[in-house]
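Engineer: There's a structure below that I have some questions on.
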Number of protein chains: 2
Amino acid sequence: MSKNCRFAVAVHIAAVLALSGDEPATSEWIAGSVNTNPVVIRRLLSALSKAGLVRSLRGSAGGSLLARPPERITLLDIARAVEEDEGPALHHQPPNPACPVGRGIQPVLVRVIDRAEAAREAVLGTTLLSEVVTQIRAEAMG
Amino acid sequence: MSKNCRFAVAVHIAAVLALSGDEPATSEWIAGSVNTNPVVIRRLLSALSKAGLVRSLRGSAGGSLLARPPERITLLDIARAVEEDEGPALHHQPPNPACPVGRGIQPVLVRVIDRAEAAREAVLGTTLLSEVVTQIRAEAMG
DNA sequence: GCGAAACGTAATCTCATCAGTTACAGTTTA
DNA sequence: TAAACTGTAACTGATGAGATTACGTTTCGC
Ligand code: FES
Ligand code: FES
């Protein structure tokens, strides 16, 4: 596919945890489901844990659990947890201040890109993990 | 800054063309303004040209012009022209079909990501290049 | 206690992408 | 014809991400 599977895989992880309920899921089990390496899963679990979405139990018989019910986790929570916060994508080199465009463009671009990003986040913020799990179940059965 | 300056630089280019009006702007002049290499500019001009937003005149005294007035170019036009069309960012490896989540998650993710992307594009689609140029002028003066 | 089973994290490898650059062939005008 | 452009192709170097290996730490069951 394309880059930044982080979000996709993080939702995948959250869905697995939602379905396994009280049973802690190990990174190795989740990795088998996602079809990747357990360390990749642990790295994302670590980010989700720092965001307070997931609890991890160490030691034998350990694993991970959702920190709160899937009705209270939005996809925006997940995206914020695992997508590193890049400021808006602007010029590599600062533009030439001798040119009127170079002098004035950056704040204008930041405003527009921020508004566009806010619109995207509004959609993710109103999508609950529980809804996603329901839809996944429907797809998997159908 | 961060990656994918393509959009930022493309808007920069379009703004310069809008301000230079009927005078064809050379890639070298634009590059001086953006503070980068002329070939980077020509690559983006080529993409803008394929999208019908820009006309380029070859030969001596050549250069580039907007193909239509800035009131009829949206930032979405520019974004579509220069951002390569990646399908939504999903798993690298196909998920494990033996797991219910793996079996059902992909279409659900595609729907959500597409809706979020549509919201972002709606904002860009209602922002005109002419508005951006006006704001740039205000920033550069103020 | 001991050992097996997990997590947490650092280090490395590989691969893709992209900006930047050089080079050069084709086009147009003076 | 010479100068000034555009349009690409090819190469380089930096950056970022996933995959993998490795190892220290924590915890449970016996
Ligand atoms: S600074 Fe980007 S074109 Fe003038
Ligand atoms: S966790 Fe991705 S396929 Fe089951």
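The values are calculated or read from the model by the stated rules, or taken from the named source; none is laboratory data. Small disclaimer: the values here were computed from a predicted structure and weren't measured. Note that we place each Cβ from the backbone using ideal geometry, even for glycine, and neighbour counts take in every protein chain shown. For accessibility, only protein heavy atoms count, side chains too; no ligands or nucleic acids. Shrake-Rupley method; radii C 1.70, N 1.55, O 1.52, S 1.80 Å.
Engineer: Scanning region A:56-99 for residues that are open to solvent by 60 Å² or more (accessible area, probe 1.4 Å) and of a type in the set (D, E, K, R), which turns out nearest to B:HIS12 (Cα to Cα)?
Structural biologist: A:GLU86
Engineer: Now for a separate question. With (1) within 8 Å of chain A (Cβ to nearest Cβ); (2) surrounded by 13 or more Cβ atoms within 10 Å (Cβ to Cβ); (3) over 30 Å from A:PRO100 (Cα atoms) as the list, and B:ARG120 as the residue in question, which single condition is left unmet?
Structural biologist: (3)
Engineer: Here's something else I'd like to know. Is region A:4-19 home to any residue that is among the basic types (Lys, Arg), within 13 Å of chain B (Cβ to nearest Cβ) and under 20 Å from A:VAL123 (Cα atoms)? Let's see the steps before the verdict.
Structural biologist: Our first condition is that a residue be among the basic types (Lys, Arg); within region A:4-19, this holds for A:6.
Pick out the ones that are also within 13 Å of chain B (Cβ to nearest Cβ) and you get A:6.
Adding the requirement that they be under 20 Å from A:VAL123 (Cα atoms) leaves A:6.
Yes, that holds for at least one residue.
Engineer: Give me the pairs, please: first residue somewhere in region A:90-118 and under 17 Å from B:GLU139 (Cα atoms), second residue anywhere and more than 15 Å from ligand 1 (Cβ to nearest atom) and open to solvent by less than 20 Å² (accessible area, probe 1.4 Å), beta-carbon distance under 6 Å, and either six or more positions apart or on two chains.
Structural biologist: A:VAL112/B:THR127
Engineer: Could you grab me the full set of residues in region A:123-142 that are among the aliphatic types (A, V, I, L, M) and at the interface with chain B (Cβ under 7 Å from one of its Cβ atoms)? It would help to see each step written out before you state the result.
Structural biologist: Our first condition is that a residue be among the aliphatic types (A, V, I, L, M); within region A:123-142, this holds for A:123-124, A:128-129, A:132-133, A:136, A:138, A:140-141.
Matches in region A:123-142: A:VAL123, A:LEU124, A:VAL132, A:ILE136, A:ALA140.
Engineer: Restricting to helices (runs of 4 or more DSSP H) lying wholly in region A:1-86: which have 2 or more residues that are in contact (Cβ under 8 Å) with a residue 60 or more places away in the chain, over 16 Å from B:PRO100 (Cα atoms) and within 16 Å of ligand 2 (Cβ to nearest atom)? Break it down stepwise before answering.
Structural biologist: Values: elements: A:5-20, A:27-34, A:38-50, A:75-82.
In region A:1-86, the matching helices (runs of 4 or more DSSP H) lie at A:5-20, A:75-82.
Engineer: Taking the criterion of being open to solvent by 60 Å² or more (accessible area, probe 1.4 Å) and either of a type in the set (Asp, Glu) or farther than 25 Å from B:VAL82 by Cα (or both), would at least one residue in region A:104-114 satisfy it?
Structural biologist: yes
Engineer: In addition: Just a yes or no: is a residue in region B:36-56 touching a Pro at 6+ places or on another chain (Cβ under 8 Å) and of a type outside the set (Gly, Ala, Ser)?
Structural biologist: no
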